[in-house]
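*Asks:* This is the structure I want to talk about, given as C-alpha cells.
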Amino acid sequence: MNLYEAIFVRKTVRKYKMEPLEQTILAGIINFAESIPHLFEGINVEYKLMEHSNIKKHFSGVLAFSAPYYLVLYSENMPGYRMNAGYLMQQISLYLTAKELGSCYLGMLKPRNNKPENSNTDSSKLDYVITLAFGKAESEVYRSSDKAKRLPLDDIAIFKSEVSRNIKTMVQAARLAPSSMNNQPWRLVVYNNRIHIFCKKNIFLSGVLNEVKLIDIGICLAHLLVTAEELWVDVKTIHLDNISSIAFKKNDYVISIKMY
Ligand SMILES: Cc1cc2nc3c(=O)[nH]c(=O)nc-3n(C[C@H](O)[C@H](O)[C@H](O)COP(=O)(O)O)c2cc1C
C-alpha cells in the first residue's frame with residue numbers, strides 16, 4: 001500500500017496494543033518523516049519520538065487513551081508553519097497506515113515546555129505544534145472510505161468549470177482528510193486548472209481552535225498533493241493576492257494549487 005491508497009482506508013485509532021515496535025520500524029518512521037519535502041521551504045522542524053512512559057513528563061492534561069508511541073512535532077514559528085506541520089504529519093499518518101499501524105492526532109495535549117529537549121538546532125527557535133499517537137491497533141486498522149463521516153462533496157467543493165477526472169480525484173481525496181473534531185474547515189473552489197482553498201470562518205471559535213484549523217488545512221493539502229503525485233499531475237502551490245484581498249463573508253482565502 002502506498003500513501004495514496006492509504007488515504008482511502010485510513011481512520012483514527014484510539015485503542016492500542018501497548019507493545020513495542022521493532023527498532024527498524026521506528027527508524028523507518030523517523031527516516032520517512034525527515035525525508036518529506038516541506039510545503040513551504042525554509043521552515044525548520046524537529047520530531048521527537050516519545051514512549052508512553054515519559055509522555056506525562058513532557059505533557060500536562062488528561063490523555064483519553066494510551067498509545068505505545070507519540071511523535072511530537074516542533075517547528076520554527078514562521079508564516080505558514082502550522083499548515084506545513086499538518087502537511088508533514090498527515091503524510092506520516094498515511095505512512096503508518098500503509099505499514100498497518102494506527103495513529104491519532106492529539107490536538108489538546110499541552111506541553112510542559114513549548115521547546116524540545118536535546119534539540120539538534122537552537123531550540124529557542126522551535127515551538128510545539130502537534131502530536132501523533134501511534135502503534136499497533138487493538139482492532140481493525142482500516143476502514144472503507146464510504147464509512148468515513150464526512151460532509152457531502154457539494155458542501156466542501158464548488159466546480160466553476162468542467163474539470164478533468166484527475167482533479168476530481170484530488171478533491172475526493174481532500175474530502176477524506178481528518179480534522180480536529182472532524183470540523184472539515186476546508187472549502188474548495190475549482191476553476192480550470194486551479195483549486196483555490198478557503199478556510200471556513202467560525203465566529204464562535206478563536207485562539208487555539210482557530211490555529212488548529214490551519215493544521216487541518218495542511219492535512220487537506222497533504223491529501224491533495226499526495227493524490228496529484230500519484231496521478232502524475234504537476235502542481236505548484238501559489239498565494240493569489242487578487243483573491244486574498246477580497247473579504248469573504250463565510251471563508252478566509254488560504255492558498256491555491258495550480259495544475260500543469
Ligand atoms: C489537528 C487534529 C487534532 C485532533 N485531536 C484529537 C484529540 O485530541 N483527541 C482525539 O481523540 N482525536 C483527535 N483528532 C482526531 C479527529 O477527531 C478525527 O480525525 C476526526 O474525527 C475524523 O475521524 P477519522 O480520522 O477516523 O476519519 C484530531 C484530529 C486532527 C486532525
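The values are calculated or read from the model by the stated rules, or taken from the named source; none is laboratory data. Computed from a predicted structure; not experimentally measured. With ideal geometry, Cβ positions are generated from the backbone for all residues, glycine too; neighbour counts draw on all protein chains shown.
*Asks:* Kindly provide the set of residues from region 10-40 that are over 12 Å from Leu96 (Cα atoms) and touching a helix residue (DSSP H, G or I) at 6+ places or on another chain (Cβ under 8 Å), ordered by number.
*Replies:* Within region 10-40, Met18, Ile36, His38, Leu39, Phe40 meet the criteria.
*Asks:* Also, quick follow-up: Among the residues of region 74-90, is any basic (Lys, Arg), buried (at least 20 other Cβ atoms within 10 Å of the Cβ) and at pLDDT 95 or above?
*Replies:* Within region 74-90, one or more residues are basic (Lys, Arg), buried (at least 20 other Cβ atoms within 10 Å of the Cβ) and at pLDDT 95 or above.
*Asks:* Looking at region 10-35, which of its residues are buried (at least 19 other Cβ atoms within 10 Å of the Cβ) and out of contact with any Pro (no Cβ under 7 Å at 6 or more places or on another chain)?
*Replies:* Of everything in region 10-35, those that are buried (at least 19 other Cβ atoms within 10 Å of the Cβ) and out of contact with any Pro (no Cβ under 7 Å at 6 or more places or on another chain) turn out to be Arg10, Lys11, Val13, Ile29, Ala33.
*Asks:* Given the conditions (1) away from the ligand (no atom under 16 Å from the Cβ); (2) modelled with pLDDT of 90 or more; (3) surrounded by 13 or more Cβ atoms within 10 Å (Cβ to Cβ), report the number of the one that Trp232 does not fulfil.
*Replies:* The one condition Trp232 does not meet is (3).
*Asks:* Among the listed residues Lys149, Lys125, Lys213, Lys200, which satisfies the condition of being touching a residue at least 40 places away in the same chain (Cβ under 8 Å), of a type in the set (Lys, Arg) and within 16 Å of the ligand (Cβ to nearest atom)?
*Replies:* From the options Lys149, Lys125, Lys213, Lys200, the qualifying one is Lys200.
*Asks:* Answer with yes or no whether Tyr70 is assigned to a strand (DSSP E or B), modelled with pLDDT of 95 or more and either closer than 26 Å to Ile217 by Cβ or not assigned by TED's automatic domain parsing to the domain that holds His38 (or both).
*Replies:* Answer is yes for this residue.
*Asks:* Further question: If you scan region 11-38, which residues turn out to be among the hydroxyl-bearing types (Ser, Thr, Tyr) and touching a Gly at 6+ places or on another chain (Cβ under 9 Å)?
*Replies:* Correct list: Thr12, Tyr16.
*Asks:* What single numbered condition from (1) within 11 Å of the ligand (Cβ to nearest atom); (2) crowded, with 21+ Cβ neighbours inside 10 Å; (3) in a helix (DSSP H, G or I) fails to hold for Ser103?
*Replies:* (3)
*Asks:* OK, next. Can you pull out every residue in region 114-137 that is under 17 Å from Glu51 (Cα atoms) and in a loop (DSSP other than H, G, I, E, B)?
*Replies:* Across region 114-137, the qualifying residues are Pro116, Glu117, Asn118, Lys136.
*Asks:* Considering only region 69-100, how many residues are within 15 Å of the chain's Cα centre (by Cα) and either more than 16 Å from the ligand (Cβ to nearest atom) or small (Gly, Ala, Ser) (or both)?
*Replies:* 5
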